[in-house]
1. With respect to PRO128, is the statement that it is out of contact with any His (no Cβ under 7 Å at 6 or more places or on another chain), buried (at least 16 other Cβ atoms within 10 Å of the Cβ) and at pLDDT below 95 true?
2. Among the residues of segment 168-191, are any within 22 Å of SER91 (Cα to Cα), within 21 Å of the chain's Cα centre (by Cα) and in a strand (DSSP E or B)?
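The values are calculated or read from the model by the stated rules, or taken from the named source; none is laboratory data. Note that the structure is predicted; figures quoted are calculated from it, not measured. Quick reminder, even Gly has a Cβ in these numbers, built from the backbone with ideal geometry, and neighbours come from all protein chains shown.
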Amino acid sequence: MQILIPLFCFCFSFPDNNFKPPQRPPKKPLRPAKGSKQLPPEPNHMGRYGVFFTFYCKYGLKSYTYWKCDCLKFFSSQFTLFQDADVHNKSWYAGACDRKTADDVLLRANKDGAFMVRKSSGHDAQQPYTLVVFYKDRVYNIPVRFIPTTQQYALGREKKGEEYFSSVCHIIESHQRNHLVLIDSQSNTKDMTKLSYPTRPPPH
């Protein structure tokens, strides 16, 4: 009797230390299609500090701007009240006299250089007063502007090389000594006169 014994062959493979897997070629960045706009890179917010800085720039600066504007308006109004007390007893101050009444008083006075200062009709903190002057049968209403940044006054519209004054009384005193330029808004002609005759409406 013949016995068959099966033979098994086992193959063992050992890894090669010098073997390196093939590298894949780097992927090329996708180009945007023609006619399409490339989106901007995403911003780096620098963590929580970046978020805080962004929030401050967006809301904090606006709040500061509003606060600054409110403060300027408040101090302008307070400074105007202080100036009211300064001019209240002057012979040329007409207070809250309206334009028509002021014009009529100066026309009746009929003196070149007659003048008065009244509160502006618009009650604007940046144009608190109006200088009213009579010259050659005409009445001129000249705005008195208040400049909050410098706490000074100026006459007429803003222009280059304009003269600044520390107070309304300073304006009057200056033009009682020096000529005041009067400009006709219709014909654009110029005249000059000094503030010679302080006038104001009679008390009621």
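1. On the way: out of contact with any His (no Cβ under 7 Å at 6 or more places or on another chain): yes; buried (at least 16 other Cβ atoms within 10 Å of the Cβ): yes; at pLDDT below 95: yes.
So PRO128 passes the test.
2. no
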